[in-house]
Amino acid sequence: MDTISGIPAHALLVHGIVVLAPLTALLEILCAFWPAARRRLVWLVLVFAAVTTVLTPLTTTAGEWLLEEGGPPRPILLEHAERGEWMIYFSVAMLIVALALAALHWAESRSDKPRKAATIVLAVVALVVGVSSIVAVVRIGHSGAETVWGDRG
């Protein structure tokens, strides 16, 4: 995918990642720590995580095309591209957390037996994955913004 209506696809797709990845991360943390939120939001979180996981490689592929079309890349652009390649790992990690939250929700809905150990482990993992994913999006986005706006002024 190169362009959408004449606009580089990367410039459009990246906004989906910028919104969905942090939102998914925050909702996963909320669901991991608050059972009432998990009961209400777990399936939405799973959909968000799946969409983020699909959108990530589309966005990076579109970015690679843009990199190839733009002439000799500056170091900040290469840094942005390198950081962007790491996003798939964060997206997959959030998908795994979402699947684990769904599994925990399913298990809790089938039995009154408390699952304290699983809940605690999942809460810690959701917090680590969520915070690191948000930081990754910010760092990738910052280097991307620097490539566009850094030399303008």
_Of the residues 128, 97, 47, 54, only one is farther than 30 Å from residue 9 by Cα and under 21 Å from the mean Cα position of the chain (by Cα); which?_
128
*Selection status of residue 132, among the hydroxyl-bearing types (Ser, Thr, Tyr) and modelled with pLDDT of 95 or more*: yes
*Give the residues of the stretch 122-144 that are among the aliphatic types (A, V, I, L, M) and surrounded by 14 or more Cβ atoms within 10 Å (Cβ to Cβ), sorted by residue number.*
122, 123, 125, 126, 127, 129, 134, 136, 137, 140
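The values are calculated or read from the model by the stated rules, or taken from the named source; none is laboratory data. Here the structure is a predicted model, which is why all the values come from computation and not from measurement. Note: ideal-geometry Cβ built from the backbone for every residue, glycine included; neighbour counts use all protein chains shown.
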